[in-house]
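First comes the structure, then the notes that go with it.
The values are calculated or read from the model by the stated rules, or taken from the named source; none is laboratory data. Note that this is a predicted model, so its numbers are computed, not measured. Reconstructed Cβ throughout: ideal geometry from the backbone, glycine too, with neighbour counts over all protein chains shown.
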Amino acid sequence: MAFYFDHKHQKLDNPAASVDNPGAIIAVWVAIFVGVIATIGVSLSHIGDSALIVHMLISAVQVGLVGYYWMHLNKADSLTWLTAGSALFIMLILFAMPLSDYLTRFLGGL
Amino acid sequence: MILQTRFFPEQASELAWHVDNIIWAISAVTGATGLAVYAVIGLFCIMYRRKNPGELGYAPTPRILGSHKLELAWTIIPLIIFLAFFGWGAQIYNVALHPPADAPEIYVVGKQWMWKVQYPGGQRVIIGQNSLDYAKEIGGEGYFEGIMVLPVNRPVKIVLTSEDVIHNFGIPAFRQKIDAVPGRYVSTWYHPTKTGTYDIFCDQYCGTNHSLMVGKVMVVEQKEYEEWLEGKWKTGPGKNSVDGSLAHQGRQLFQKLNCIQCHDTQKSKAPILEEIYNTRRPIKGGGTVIADENYLRESIRRPRAKVRDGWEPIMPHFGPDKVSEEDLIKVIAYIKSLKKGETPVRTEDWVAPVGGTTEPPAAPKTPTGEGGPK
Amino acid sequence: MSANEGALKHHFEDIEQQRGAERLGMWMFLATEVLFFGGVFLAYTVYRIWYPKEWAAASGQLNVLVAGINTVLLLTSSLTITFAIRAAQLGNRKALMNLLAITGILGAGFMCFKAYEYNQDYEEGLVPFCKNFGKELVHDPDDHSKALSTFNDQWEKKGIAPQRIRLFMTFYFIMTGIHGLHIIIGIGAIFYLWYRAYMGWITADRYVGVEVTSLYWHLVDAIWLFLMPLLYLAGPHHGLHF
Amino acid sequence: MSTATKHEAHASNEHPAHSAHVSYLKDGWSIWSWLFTVDHKRIGIMYLVMLTIFFGVGGALAGLVRTNLLSPTGLIMDNDTYNKTFTAHGVVMLFLFLIPSIPGVMGNFFVPIMIGAKDMAFPKLNIASWYVWMVGASFAVFALLTGGIDTGWTLYPPYSSRSSHSNVVPGVFGVFITGFSGIMTGLNIIVTMHRMRAPGMTWGRLPLFCWAMYATSLIQLLATPVLAIALTLLMVETGSNALGMPIGIFDPALDGDPLLFQHLFWFYSHPAVYIMILPAMGMVSELLTCFSRKNIFGYTAVAWSSVGIAIVGFLVWAHHMFVAGISYYAALLFSLLSMFVAVPSAIKIFNWTATLYRGAISFQAPMIFALGFLVLFTVGGLTGIPLATLGSDLHLHDTYFVVAHFHFVMVGGMVLGYLGALHYWWPKMFGVMYSDFWSRIGAIMICVGYVTTFTPQFWLGYHGMPRRYPNYPAEFQYLNVLSTAGYSIQAAAFLLIHTYLIASFFTGKKAGPNPWGATGLEWVAESPPITHNFEATPKVVCGPYEYSLNMTQTGEKADVR
């Protein structure tokens, strides 16, 4: 039997052993649904443009729940985490670096 | 042909000296490193070559896997050298971006495929080898390159914009170039140090006749420069006789475009524009802006984007169909020059200048507003 | 190789290697999807910083009710496809087929509402590529008691530049359009899965196709969770426009 | 090995030919056996054929450009035609040759063999990537043939969206589609390397070419989608202009920002330079070790510097925009970060040089290409420093200095790496040897041609001659003529190379499985390899470059066979 270095080798193939708990799946759905209501509520709460920050925080939590429970990051190996992480890292670069230009463009120099 | 080729390009500005220094310093360091690497490669190739040229396969060689000390050395030493270059280069960039406060401002407008240069005194030069296409604009005369004149040993600031696409105003002898971005002003400055005639190139690809968007800059003594400004000698068929300074022409436009209808000192319906240049102004809805060229420009092109606090957004917008880039520059030059109490007085029997309309400008009809040249 | 041959494809050594490869491949693809949307999100952000007033005004013209219903539809479809994986792992073919069908139908429902919304946008003169842009008679989204007027007039009164509204609407159509395209592809994949389940090709040891499709479907859902507040709820809202 | 047995039985059911173990070239003769193949080796060859054609087209276009520049007023073309020609040269060379070249041909063909796998992880995705690429290429070629594009390959709006009346939309759409092909190939290679390595093939034992391909694929995966979205936005804007309802996503006249396109474009297109150069760097590590019979000097440093370049390469793109009107602070930041990306390249150069120390060096054509790479890439890399330094970039930006710099990197670096790879692996791919004498002549001619073509351009750039100028001041003519002369040497060399390579099919002597006495897994396989690469899954026992021990990665003797 071949031996692999970068993923855990499972001797037995038993997909049924790793099924989700239905209660957990539904709990995540409820949590995200509450988030949706909160998102619309925040917009109507007259806190102005800072609603953007709350919106993005709520969305990030929602997407975090989707990723962790529904997309099974909770059961994933480190390589999957690395893939997801590197996408977010490059995304961070894609946002931070151009915005470093846009937010300082008309400030003149030192 | 070979005789025409100078070994080193002309150094005609203060910046050229700095830029050449850093280029040659980098070239010397990297060149020495490169040659050293080549020498080592060459030496190894000769010393360790196989005796029989066609031979392949096993040869007794030592099993060297690397040396962390050496690798660390050739990681850190280049990094330090590179960072030194960065620091030096940043210093030059800093100098290149910040003109002295008292430098006179020359406005340059790029357009496919010509440069329109406006001097503070109202003189105008058109640069571009294909100016023939624009014969009407330059006074009906034929093919010429256009020569821009600058005084020696005096810094001048260049304020640059473009009417259509991105261009780049570059003068190799000054070692200086900057993109002319449509829709906003960018600036640079020159301190010419040597009289002579040098090339102006458009360095950003801008279409069919990109390579004809070239001309010359002539650096002359101060006295000659003044004579040129007065129109005693000409470099080409551009307007370089005095017919009113830029600010003066702007004042005329200020009246002709009916800005005075609201921006007056009596029954003001809009902010008084005296001495607002480069001051911080509060805007409606919170926040402040500095009233620099780009803000003045936006306030004419898109008056309702950032409205001064305490005033109603009633100003119509003035797109390129109403105010061309060159006229915009004149108006801005006028606003910049406005001192306390200099706003023209609007009287009931005030007569609009010849060619002006007496009705207020019509409200925009199309939702797109300005479309720019299609 | 199609699915009706052995679960193990010839170039893999064992089933877990193959499953891992397919899962990893989909995650990598999702990484590219994230950056694909990332680019347009960046462009959106830049202009939102530049033109907050217009962004808020344009956003106020969109139909939040439809967006809310769509959010719930998509969210529920994600729920059902998660249960579908569970059914596949347990080898419950009947439940798998039902759950996949519900997921696909919810996705199709999302697209139907989207179509309704696009049509409404067109009728209100909000499609930047159409000649009637800003010219239709509509209620003022901020104050429904006022008489009908065109958006152009309303914007003129509020000091809003129409070309910036068009910019927002362009982003709206590009972002929801690309997202909708992903939904359609997803629906196709889900019905293909349903067909495979119907033919009995999906068994407990060959469930990875369901899982990989669900990963994609969840990502599309996740992107919508960002699109919804960014497009429909940008800036302060004084009421909801339906 | 119960699974292996099961697999053998399983495989022989589908492929009757498999049990006979014929080479992949002989496993089916019909045209369909090629067009519908899922064999990574055949796909690699299909890439090779198309790339060679596009390289020829791109090279011919370069010839037209250089010929026109013989005269200061344009020798053979008017301005418009010239603009379309250099744009076509850029588009064909970058998107249809340089970016897919080594990943498409060598990556597809050799990465699975070098890690001991039977095929890529997703064979059908692999053939799909070729077809997608062909569809994209067809769009691009269609756009170039029916009127051309006159925007330059950088496609800057508002020129491309508003002012240019050429075939921008179909051309951009073609480039957009080829991007998907790159993503597919990259995804396939990464997953294959993670999941399909043979027993014993640890990350520390991977050949450096595989490390380089891994880093390349990482960039392809994470950068290409950003180009895709930038091009989508550009197509929407251009299309809206054509419809007469202009939208200003990037057009300042309608409140867009042209610099946003430049940011999105260079976010991909700067890392794309590393897509081109990293595989060539990996290749040079293979060639130098093989032909000097030495272990690589500092395996870890060379391997991780590839990954380092890939990551830092994402942080430096705005050095293409120093004079474009970006923020002063952003310019400082990007210049600083650009200095960091120079370091891993420097490490590689020094480590390669040290690899030669006390070796037993022979000068076959692949080695000449590798040494040529060292020399030319060093020039290309070092001349990048004045362009990344703010003060000097003020003068050198958008001049011929830039043109010379990136041609030294792409042509001097990448094309030499590609040709080196082609010569090194030719006997493995086709089982025949080309002429030793003519190949050495060809390699030397190419290097000489490059130096003659591009060195004068540094000087032109320093004198200020801008890029994309068919008309230039007369004093630049002498250097331009010299450059064109260099081009003709290159053109002759390419003709020579393709002649003897094609001739080798008919007259070349048969190559054994290991004609160079090299140590990688690919040399354990037959020449040309059988359809499933190896008779049995190889077991890897040591690192990739045990030349001094004369041992292949499976522990056999690495003698010329």
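Among the residues of segment D:376-397, is there at least one that is assigned to a loop (DSSP other than H, G, I, E, B), at the interface with chain B (Cβ under 7 Å from one of its Cβ atoms), more than 21 Å from B:Leu35 (Cβ to Cβ) and not small (Gly, Ala, Ser)? Yes, because at least one residue in segment D:376-397 is assigned to a loop (DSSP other than H, G, I, E, B), at the interface with chain B (Cβ under 7 Å from one of its Cβ atoms), more than 21 Å from B:Leu35 (Cβ to Cβ) and not small (Gly, Ala, Ser). Would you check if D:Ser129 is closer than 25 Å to D:Thr85 by Cα and not charged (D, E, K, R)? Against the criterion (closer than 25 Å to D:Thr85 by Cα and not charged (D, E, K, R)), D:Ser129 does not qualify. If the condition is being of a type in the set (Val, Ile, Thr) and more than 11 Å from chain B (Cβ to nearest Cβ), then segment D:398-411 contributes D:Val403, D:Val409, D:Val411. Considering the conditions (1) out of contact with any strand residue (DSSP E or B) (no Cβ under 6 Å at 6 or more places or on another chain); (2) away from every other protein chain (no Cβ under 11 Å), C:Gln154 is excluded by exactly one of them, (1). For segment D:110-128, the criterion of a residue being touching a Phe, Trp or Tyr at 6+ places or on another chain (Cβ under 8 Å), aromatic (Phe, Trp, Tyr) and over 19 Å from B:Tyr205 (Cβ atoms) is satisfied by at least one position. Of all the residues that make up segment D:240-273, how many are out of contact with any strand residue (DSSP E or B) (no Cβ under 6 Å at 6 or more places or on another chain), part of a helix (DSSP H, G or I) and not small (Gly, Ala, Ser)? Number satisfying all stated conditions: 17.
Residues in segment D:176-231 that are part of a helix (DSSP H, G or I), under 17 Å from D:Pro112 (Cα atoms) and of a type in the set (Ser, Thr, Tyr): D:Thr185, D:Thr192, D:Tyr214, D:Thr216, D:Ser217. May I ask you to list the residues in segment C:127-151 that are buried (at least 20 other Cβ atoms within 10 Å of the Cβ) and under 17 Å from C:Lys53 (Cβ atoms)? Correct list: C:Gly134, C:Pro141, C:Phe151.
Quick grid of which residues meet (1) touching a residue at least 24 places away in the same chain (Cβ under 8 Å); (2) in a strand (DSSP E or B); (3) crowded, with 21+ Cβ neighbours inside 10 Å; (4) in contact with a Leu (Cβ under 8 Å, 6 or more places away or on another chain):
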| site | (1), (2), (3), (4) |
| --- | --- |
| B:Ile178 | no, yes, yes, yes |
| B:Ile200 | yes, yes, yes, no |
| B:Cys206 | yes, no, yes, no |
| B:Ser211 | no, no, yes, no |
| B:Met218 | yes, yes, no, yes |
| B:Tyr225 | yes, no, no, yes |
| B:Lys232 | no, no, no, no |
| B:Gln255 | yes, no, no, no |
| B:Thr265 | yes, no, no, no |
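Tell me, please, whether a residue that is modelled with pLDDT under 85, farther than 27 Å from C:Leu8 by Cα and among the aliphatic types (A, V, I, L, M) can be found in segment C:148-160. So far as segment C:148-160 goes, yes, one or more of its residues are modelled with pLDDT under 85, farther than 27 Å from C:Leu8 by Cα and among the aliphatic types (A, V, I, L, M).
Exactly one residue among D:Ile446, D:Ile441 is among the β-branched types (Val, Ile, Thr) and either crowded, with 20+ Cβ neighbours inside 10 Å or more than 24 Å from D:Leu419 (Cα to Cα) (or both), and that residue is D:Ile446. All told, D:Phe406 falls short of being buried (at least 23 other Cβ atoms within 10 Å of the Cβ) and either within 28 Å of D:Tyr24 (Cα to Cα) or aromatic (Phe, Trp, Tyr) (or both). For segment C:119-157, the set of residues classified as in a helix (DSSP H, G or I) and in contact (Cβ under 8 Å) with a residue 24 or more places away in the chain consists of C:Gln120, C:Asp121, C:Phe151, C:Trp155, listed by residue number. For segment D:301-308, check the following and say yes or no: at least one residue is farther than 30 Å from D:Met367 by Cβ, within 14 Å of chain B (Cβ to nearest Cβ) and in contact with an Asp or Glu (Cβ under 8 Å, 6 or more places away or on another chain). No, there is no match, as no residue in segment D:301-308 is farther than 30 Å from D:Met367 by Cβ, within 14 Å of chain B (Cβ to nearest Cβ) and in contact with an Asp or Glu (Cβ under 8 Å, 6 or more places away or on another chain). Within segment D:235-262, take every residue that is within 28 Å of the chain's Cα centre (by Cα) and within 14 Å of chain B (Cβ to nearest Cβ) and give me the one that is farthest from D:Ile115 (Cα to Cα). Among them, the one singled out is D:Leu259.
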